[in-house]
Ligand code: NAD
């Protein structure tokens with residue numbers, strides 16, 4: 001075990017991060033309404049102090065070699081692993097996602113894996129020219145203090161995607177988590193800060209106003225943001241005043257296209273998890289599925305069969321793999337869109353009828369067939385457990401529909417002939433197009449959106465470069 005690192009109980013961790021009784025913001029379990037804890041709320045004066053501390057810490061942190069910073073990151077990963085079960089419990093209670101399935105334990109495991117991957121990537125100066133005309137090298141230097149702002153759907157994992165590459169490249173971080181899931185991120189940072197040098201990682205909880213203060217703070221050199229398209233636009237405007245560097249990972253409405261030669265039974269489970277991972281609250285989840293006439297009934301049937309065997313319920317009960325929506329506002333968005341689907345002639349294959357007497361923000365797993373492509377459930381980002389299945393007869397038409405929105409985060413193509421699938425993949429307007437899977441991410445493979453899903457990349461060496469300034473030395 002690393003020096004200073006301790007394995008905390010759930011109660012110890014909560015006590016370390018919580019505001020005193022009567023202060024801060026109260027957070028409730030979205031499955032039960034039980035109080036999880038109280039998050040201290042940062043003022044703009046707290047932000048000023050944190051930025052000053054981050055600037056001082058950055059001077060020393062940037063002097064370390066890559067190997068030394070990687071060593072720190074690996075120790076932080078050790079600390080996450082030693083506290084994995086406690087962190088998963090906190091995440092499950094506050095976010096609502098089950099411990100099991102591709103949920104809370106999976107997310108905490110991703111945090112240590114991504115931290116280690118970012119520690120391991122090679123970062124070398126690139127020799128661009130070396131001939132009789134001269135010698136030119138491209139170096140990657142720290143930016144300074146990175147302000148990170150995150151959403152509530154994968155709060156720990158997305159924080160790590162922001163923190164780990166920023167620290168590796170010699171920056172320090174001031175992070176504001178979503179007001180819906182601050183305890184998860186405060187808990188994660190508390191565990192990491194057992195072993196990281198003072199001041200390199202600070203988490204301040206607050207709402208969008210605090211976020212706005214970060215994006216306009218003159219002591220912050222770069223903003224990395226993950227959240228909605230609308231907030232992304234506001235941040236871009238705010239960051240324009242002093243031309244802060246920006247990475248924007250925004251919303252999507254991912255399309256999947258099933259091809260004529262697909263095997264519906266073989267693909268059903270992959271399609272299901274592509275759409276319903278984290279109960280559909282995933283930026284790059286499958287959110288509209290285009291299926292050829294010839295396979296339509298078979299795909300619908302196979303999906304219903306999988307959907308009916310996936311238990312939904314309170315996160316801490318081990319049998320559940322789907323949880324509640326994280327908050328009431330999101331529940332209302334999903335409900336409005338499913339109602340619009342019914343009004344638009346959609347045929348509900350499963351779900352679609354939330355139980356008004358059930359505690360918590362549960363929305364049943366919902367599959368809707370026979371919808372027009374312009375129905376709101378298809379055209380808007382539903383961000384919940386509802387998947388519209390749209391029939392097509394002409395592949396070109398399906399591709400046009402898939403490309404017809406202003407967002408382009410992920411997409412997928414499903415079929416047996418991989419070359420044919422790759423040809424369709426090349427025609428889809430999205431940062432990533434998966435074949436026979438959806439939403440599968442890998443720390444080595446860059447991820448980011450096109451169109452209004454944002455710009456900039458995360459993961460891999462490309463992701464590290466987004467957290468650095470290019471510097472050419474030429475002689
Ligand atoms: P949101 O945009 O409402 O909030 C995200 C964060 O921005 C929160 O911390 C919030 O407090 C803060 N914020 C709000 N107004 C702000 C402002 N004016 N200036 C600065 N910060 C401000 O998003 P959300 O509802 O928390 O998250 C869901 C959205 O995030 C979905 O659209 C989803 O697709 C997207 N998302 C994208 C990715 C990706 O990698 N592309 C990943 C996860 C989620």
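Derivation of every value follows stated rules applied to the coordinates shown; laboratory data play no part. Just so we're clear, the structure is a prediction, and the values are computed from it rather than from any experiment. Ideal geometry is used to build each Cβ from the backbone, glycine not excepted, and the neighbour counts take in all protein chains shown.
The alpha-carbon atoms of the stretch 147-304 define a convex hull whose volume equals 142 cubic angstrom per residue. Here the relative contact order of the stretch 359-475, from alpha carbon pairs under 8 Å that lie six or more residues apart, stands at 17 percent. Under the classification rounded if a/c is under 1.5, otherwise prolate if a/b is larger than b/c and oblate if not, where does the stretch 23-85 fall, given a ≥ b ≥ c as square roots of the Cα gyration tensor eigenvalues? Verdict is oblate for the stretch 23-85.
Note on residue 336 and residue 403: their simple-model spin labels are 3.1 nm apart, each label 7 Å out from Cα toward Cβ.
Sorted largest first, the principal axis extents computed over the alpha-carbon atoms of the stretch 250-335 equal 39, 31, 19 Å. Per-residue packing, averaged as other Cβ atoms within 10 Å, sorts the ranges 66-78, 228-240 into the order 66-78, 228-240, beginning with the highest. Pull out a ≥ b ≥ c, the square roots of the eigenvalues of the alpha-carbon gyration tensor of the stretch 398-452, then state rounded if a/c is under 1.5, prolate if not and a/b is larger than b/c, and oblate in the remaining case. The shape class here is oblate.
What fraction, in whole percent, of alpha-carbon pairs in the stretch 324-388 exceed 18 Å separation? Tail of P(r) above 18 Å: 27 percent of Cα pairs. DSSP beta bridges confined to the chain are antiparallel in about 40 percent of cases.
Based on the Kirkwood radius over alpha-carbon pairs, what value in µm²/s does the Stokes-Einstein equation return for the translational diffusion coefficient of the stretch 193-262 at 4 °C and 1.567 mPa s? Write down the numbers at each step before the final one.
Values: Rh = 14.6 Å.
Estimated via Stokes-Einstein, D reaches 89 µm²/s.
Compared with the direct C-alpha span, the chain from residue 124 to residue 450 gains 114.6 nm at full extension, assuming 0.36 nm per residue.
Explain nothing, just the number: relative contact order of the stretch 232-308, from Cα pairs under 8 Å at least 6 residues apart, as a whole percent. It would help to have the intermediate numbers written out before the result.
Details: 70 pairs, mean separation 28.3, N = 77.
About 37 percent, as a whole number.
A simple spin-label model places the labels of residue 68 and residue 10 4.0 nm from each other, with each point 7 Å out along Cα-to-Cβ. Relative protection proxy for 190-198, 335-343, from highest mean packing down: 190-198, 335-343 (other beta-carbon atoms within 10 angstrom).
Using the per-residue mean of other Cβ atoms lying within 10 Å as a proxy for protection, in what order, highest first, do the peptides 104-113, 373-382 fall?
With the highest mean Cβ count within 10 Å placed first, the list reads 104-113, 373-382.
As a size descriptor, the averaged projected area of the C-alpha convex hull of the chain was calculated at 23.8 nm². Rounded to the nearest 0.05, what FRET efficiency is calculated for residue 347 and residue 46 with R0 set to 56 Å and r the Cβ-Cβ distance? About 0.60, to the nearest 0.05. Here the stretch 272-398 carries DSSP beta bridges of which approximately 25% are antiparallel, counting only pairs with both residues inside. Between the helical axis of 328-343 and the longest alpha-carbon principal axis of the chain there is an angle of about 30 degrees. Against the chain, whose longest principal axis comes from its Cα atoms, helix 229-239 is set at around 20 degrees. For the chain, the 222 nm mean residue ellipticity estimated from helices alone, with every DSSP H stretch of n ≥ 4 adding -39500 (n - 2.57) and the total spread over all residues, rounds to -12000 deg cm²/dmol. Between the Cα long axis of helix 182-193 and the first principal axis of the chain there is an angle of about 40°, rounded to the nearest 10.
Overall size of the stretch 327-475 from C-alpha positions, given as principal axis extents largest first: 71, 40, 25 Å. Between the alpha-carbon centres of the stretch 243-303 and the stretch 1-69 there is a gap of 35 Å. Could you grab the relative contact order for the chain? Cα pairs under 8 Å, six or more apart, rounded to a whole percent. About 18 percent, as a whole number. Can you compute the label reach from residue 475? Point 7 Å from Cα along the Cβ direction, backbone N cut-off under 17 Å, restricted to the stretch 103-133. What the label zone holds, given the 17 Å backbone N cut-off, is 125-133.
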